[in-house]
Amino acid sequence: MEASFGVYYEKDSVIHKLDPRAKLLFMIVFLVSIFVAKDIFSYLLLILITISSILLSRVPFTLVLKGLKPIFVIVIFTTILNLFWTKGETVLVSLNVIPNFWTLTIYKESLIRAGVLALRIIVLMACTSLYFSYTTTPIELTDGIETGLAPLKKIKVPVHEFAMMMTIALRFIPTLIDETTKIMNAQKARGADFSNGGLVKRAKALIPIIIPLFVSAFRRADELATAMECRCYRGGNGRTRMKVLKMKARDYIFLLITILMIAGVVLLNIYAKGYKI
Amino acid sequence: MSNPLIKLENVTFKYPDSEIKENNFAVNNVSLEINKGEFVAILGHNGSGKSTTAKLINMILTAESGKIFVDGKDITDENMTEDDIFEVRKKIGMVFQNPDNQIVATVVEEDVAFGPENLGLDPKEIRKRVDEALELVNMKEYARHAPHKLSGGQKQRIAIAGTIAMKPQCIIFDESTAMLDPMGRKDVMNTIKRLNKVEGIAIVLITHYMNEAVQADKVIVMKNGSVYLEGTPNQVFSQPQKLWNAGLEVPQSIELIDKLNKELGFDIPLKVYALDECTEIIKNKLMKE
Amino acid sequence: MSIVELKEINFIYGKKSPYEIKALDNVNLTIEENCITGIIGHTGSGKSTLVQLLNGLIKADSGVVYIDGKDIWEKPKEISRIRFDVGMVMQYPEYQLFADSVKEDIAFGPKNMGLSDEEIEKRILQSIEFCGLEKDILDKSPFDLSGGQKRRVALAGVMAMNPKILVLDEPAAGLDPKGRREILGGIKEYQRKSSNSVVIVSHSMEDMAMYCDRAIVMSHARVVTHGTCEEVFSQHQLLLDVGLDVPEITGIILELRKKGINIPDNIYTVDGAVTAIKSLYLNGSVGGGV
C-alpha cells in the first residue's frame, strides 16, 4: 500500500535536481497550456515535452505507464461519453441498435474530441506524477509548496499550515496503515468476519475497526500537538528552515523552457495550419 | 549551589471533570527541586501525578495554586507572555512515551531540525546542531532514513536528538522507555546518562523501572498526587515496604537482602548494591558460619 | 499432553524481494496443555510470527500447525473457526476497544461464536472477575476508563471466549509494577481455574520466571531451548549467548557460585534464592567441593 503513495524513483537526473518551486511553476504553466492548446501541432509540442521529460528523468516508461493505470477507467469512461453523446457534422458510423428507437451515431468530430480529451488527461497525469512524485520526494514537494506559494500569505492563504498538514499526513500514513492491520488482526482474533455476508453486514463489520482507528488517530493527534508545542512550535511565524531552497542556473533555464512552451502553444494555435479543435 | 533550575512550591492541579477519569488525579501540594546538571528519577504508580507534574513544568498545563520557578523565573505568574512560555520550553525539553507520536517529519534529520527551526535559528547553525545531536545519540548514519522504519529505541533516540538540538538545560523523559524492548531501553538509558555526564544536561526521568531509577542522583517517589519519598537511591530503596505500598517494587537484590535479614536475622544494610558487592556480603555472611 | 505442535515451520517475510527476512527457520515445537508457557526472545527473534501462526492470522510457507491434534489449515475456508480455540490478546489490546459499553465489548467475541445470551452473560461475569474488574464497570463506556482498566477489559473480551489456548503478547507492557503483578496474577489464576493452556510472550525475564511453568527461548528465527522454567533458566550461558539477560536473582546466584558458594544453579526467583541460602546457612555446607 505504501508504494502507491509518493513513489519516489531514486536517480540522479537533471529533472530530479530541479528546484521543487521550478517544477511547481512548470506544472501550473503546463496545465494552462493543455487547456489553451487548440491546434493539433500545439498538442504535439506538449506530448514532445512530456516524452523528453521522461527520457531526461531516466524514469522507465513502463513505470510511468503503470502509474497511469488507475486513471484508465476515467479515460475510457470520458472517451465513451464523448463518442456517443456529443454531436458533430460528419457522420462516421450509424448503427440502428434498436430499430425506430435508438440509433447510435458516431461523428468524426466526436471521435477527435474524445481522443484529444483522453490525450489531455494522460499527458497531464504523466507529467504530474513524473514531476511531483517520481522525481521529487514528498518533503521537497512540501518545502516547494511552502516557499513557492509564500507570496500567497499576503492574501491570507495559510500556506505554512497547509504544508505542515501535508508533512504530518505523509508522516502518519504508514503509521495508520500499520495500526489498521493491527486492529483488524485483533478483531479477527475475536472472531470478526470481514469477508462474508451482504453489504450491510460487511459495513457493520467495519465498525470494530473504524472506531478504534479514529480513537487512536485522535489520541495521536493530541500527543503530537503536545510534543510539537514542547518543541517550541507556534506556527510559521519566526520559523526558519534548515534547508533553504536556492534556484540555480538549471532552474532558470528550465523556467525559460517553460515560458517558451506556453509561447509555442499560443503561437501554434494562431499560426499553425493543423487541425483546430 | 546556585538557584535550582526547577523549583515547585506547594503546587496543586486538578483536571476539569470533563476529562477522562484516568487523568482525574490531581497533583496535590507538591514541592520539589531539580538542580542544574542533576539526574532525578521520578517513580510512581500509574496516575500518581508524575506526568502531570512534568506537564506543569513545561507549561502544557497551568497550576491551580502554588508556584513553579524555572531558572529563577516564576512561570505561574499571570503576566507570562507567549514569548516567556517560549523561553521556558527552550530551556526544558521533553521526550514522551510513544515514539511514534512525537516525530513530525518524514526524514530523520528534518525531524531533528524541527525544534531549532522553530527557534528561528540560522540555517547553518541548525545544520550544525542537527549533526551534533544525531552524533550524540549515535544515529548519524540514519540521518536520511524514514523514521517509521526504525525500531522503537531508535525512534526514541531521534526524539531525544530533536530535543538536544534545541540545547535545553534540562530534558524531562515522560516514561520514554516504557514501550521499548530491553535493548532499546538500554540504548536510551545509555544515551540519557551520556547527556547527563558529558553534556551536563539535567535529567528528569519518569519511569516504572527500578533499575533505571537506581542510576539517578536523586529519586522522588510519588503516590496519589503527592511526593511520598525523596532521597538518594540508597535512601529510597532501603525502604522496600514503603515502595511496595506505593505500588512499586525494589530491585531483586534488595528484596533478597531484605528477606534474608528478616528470615535469618542478618543485619545487612539495605541499599543499592552492585552485583559484586551484594554477593560478597552474602558470601561473607555464609562463610562466617 | 501437548496442545500445540509445530512441524518444520518456515516463514519468510517479503519473499523474493530484496528485503527477504527469514522469520522462522525450520521450527519444531510442542506446547504443553494446562500450563503457562512463556516465549522469550528479542524483537525480531521470530516470536511474534510464531504466535500469529497459532490462530491462523498468517500461514507458514511450509510446515504444519497442529492444535489439539488437528492441522489448522486442513480446511482453509474454516480458518476463522480456529480463532475460537486459540484466543489472542495482542500488544496494547486496549486500542481494540470499540463498543458503547464494556459489556458489549466483552460480548463481541462470544457473540461471534454464536453463544446464547445466558451463556454470554455468564462468561462476561467470569472473565471480569479474573481480570480484577468490578461489576459496575460493565455499563460504562470503555473510553472513560483508565489505561490499566482498558487493558483488563480487552483481556476479559478474549477470556470470555474461553479458548483452549490463550495467547498473550506482552500483556503487561507499559504498566506499573503493581499493574503488572495484578494482570499477570489474574492470568495465572485464570489458567489454574479454567485448566486452559496459556502462552505469554514477554521480554521480562523476571516476569517469566515468576508466572510461567514452562519457557521457550527464541533467537534468530529458531527455537534455542525449551522446557520447564527450571530447565531453561539454569542454562545461563545459553541465555547470555543469545543476548538475553538472566533474571537479576539468577545473576546473583551465579556470582555466588563463582565465589565458591555451593548453591544450586537452577534458582530463578527471589523466594527460591532465600530458601536455598537459608538451607545453606542452617546446614553449614557452604563452600563444599568447588
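Being touching a residue at least 60 places away in the same chain (Cβ under 8 Å) and surrounded by fewer than 23 Cβ atoms within 10 Å (Cβ to Cβ), is that true of even one residue in the range B:118-134? No, the range B:118-134 contains no residue that is touching a residue at least 60 places away in the same chain (Cβ under 8 Å) and surrounded by fewer than 23 Cβ atoms within 10 Å (Cβ to Cβ).
Going through the range B:34-44 one residue at a time, which ones are touching a helix residue (DSSP H, G or I) at 6+ places or on another chain (Cβ under 6 Å) and either of a type in the set (A, V, I, L, M, F, W, C) or in a loop (DSSP other than H, G, I, E, B) (or both)? Correct list: B:39, B:41, B:42, B:43.
A quick yes/no check of all residues on (1) within 11 Å of chain B (Cβ to nearest Cβ); (2) on the phi < 0 side of the Ramachandran plot; (3) part of a loop (DSSP other than H, G, I, E, B); (4) polar (S, T, N, Q):
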{"residue": "A:202", "(1), (2), (3), (4)": "no, yes, no, no"}
{"residue": "A:221", "(1), (2), (3), (4)": "yes, yes, no, no"}
{"residue": "A:241", "(1), (2), (3), (4)": "yes, yes, yes, no"}
{"residue": "A:252", "(1), (2), (3), (4)": "no, yes, no, no"}
{"residue": "A:265", "(1), (2), (3), (4)": "no, yes, no, no"}
{"residue": "A:274", "(1), (2), (3), (4)": "no, yes, yes, no"}
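So is residue B:126 at the interface with another protein chain (Cβ under 7 Å from one of its Cβ atoms), among the β-branched types (Val, Ile, Thr) and touching a Pro at 6+ places or on another chain (Cβ under 7 Å) or not? So residue B:126 passes the test. In the condition set (1) within 23 Å of residue C:36 (Cα to Cα); (2) among the acidic types (Asp, Glu); (3) crowded, with 16+ Cβ neighbours inside 10 Å, residue C:255 is compliant with all but (1). For the range C:127-145, residues that are within 14 Å of chain A (Cβ to nearest Cβ) and either in a loop (DSSP other than H, G, I, E, B) or free of Cβ contacts under 8 Å to residues at least 24 places away in the same chain (or both) total 3. Residue A:268 passes every criterion in (1) in contact with a Lys or Arg (Cβ under 6 Å, 6 or more places away or on another chain); (2) buried (at least 19 other Cβ atoms within 10 Å of the Cβ) apart from (1). Scan the range B:115-128 and tell me whether some residue there is among the charged types (D, E, K, R), under 24 Å from residue B:83 (Cβ atoms) and part of a helix (DSSP H, G or I). Yes, the range B:115-128 contains a residue that is among the charged types (D, E, K, R), under 24 Å from residue B:83 (Cβ atoms) and part of a helix (DSSP H, G or I). Residues that are aliphatic (A, V, I, L, M), closer than 16 Å to residue C:258 by Cβ and more than 27 Å from the chain's Cα centre (by Cα) within the range B:251-289 comprise B:281, B:282, B:286, B:287, listed in sequence order. For residue B:191, state whether it is more than 23 Å from residue B:45 (Cβ to Cβ), surrounded by fewer than 24 Cβ atoms within 10 Å (Cβ to Cβ) and of a type in the set (Ser, Thr, Tyr). Yes; evaluated as a whole, the condition is true for this residue.
Might you let me know whether the range A:100-118 holds any residue that is of a type in the set (A, V, I, L, M), touching a Ser or Thr at 6+ places or on another chain (Cβ under 7 Å) and at pLDDT below 85? Scanning the range A:100-118 turns up no residue that is of a type in the set (A, V, I, L, M), touching a Ser or Thr at 6+ places or on another chain (Cβ under 7 Å) and at pLDDT below 85. Test residue C:80 against the criterion of being more than 30 Å from residue C:30 (Cα to Cα) and either surrounded by fewer than 21 Cβ atoms within 10 Å (Cβ to Cβ) or out of contact with any helix residue (DSSP H, G or I) (no Cβ under 9 Å at 6 or more places or on another chain) (or both), and give yes or no. Against the criterion (more than 30 Å from residue C:30 (Cα to Cα) and either surrounded by fewer than 21 Cβ atoms within 10 Å (Cβ to Cβ) or out of contact with any helix residue (DSSP H, G or I) (no Cβ under 9 Å at 6 or more places or on another chain) (or both)), residue C:80 does not qualify.
Residue-by-condition table, conditions (1) at the interface with chain A (Cβ under 9 Å from one of its Cβ atoms); (2) free of Cβ contacts under 8 Å to residues at least 60 places away in the same chain:
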residue	(1), (2)
B:33	no, yes
B:38	no, no
B:44	no, no
B:65	no, yes
B:77	no, yes
B:81	no, yes
B:90	yes, no
B:98	yes, no
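In the set C:256, C:244, only one residue is in contact (Cβ under 8 Å) with a residue 60 or more places away in the chain, within 9 Å of chain B (Cβ to nearest Cβ) and either among the hydrophobic types (A, V, I, L, M, F, W, C) or within 22 Å of residue B:251 (Cα to Cα) (or both); that residue is C:244. The set of residues from the range B:148-167 being over 21 Å from residue C:42 (Cα atoms) and either polar (S, T, N, Q) or buried (at least 19 other Cβ atoms within 10 Å of the Cβ) (or both) comprises B:158, B:159, B:160, B:161, B:162, B:163, B:164, B:165, B:166. Quick check: anything in the range C:10-30 assigned to a strand (DSSP E or B) and at positive phi? Yes. Considering only the range C:79-126, state which residues are acidic (Asp, Glu) and within 12 Å of chain A (Cβ to nearest Cβ). Answer for the range C:79-126, where residues must be acidic (Asp, Glu) and within 12 Å of chain A (Cβ to nearest Cβ): C:85, C:94, C:100, C:104, C:105.
The values are calculated or read from the model by the stated rules, or taken from the named source; none is laboratory data. None of the values given here were measured: they were computed from a predicted structure. Cβ sites come from the backbone with ideal geometry, for glycine too, and all protein chains shown count toward neighbours.
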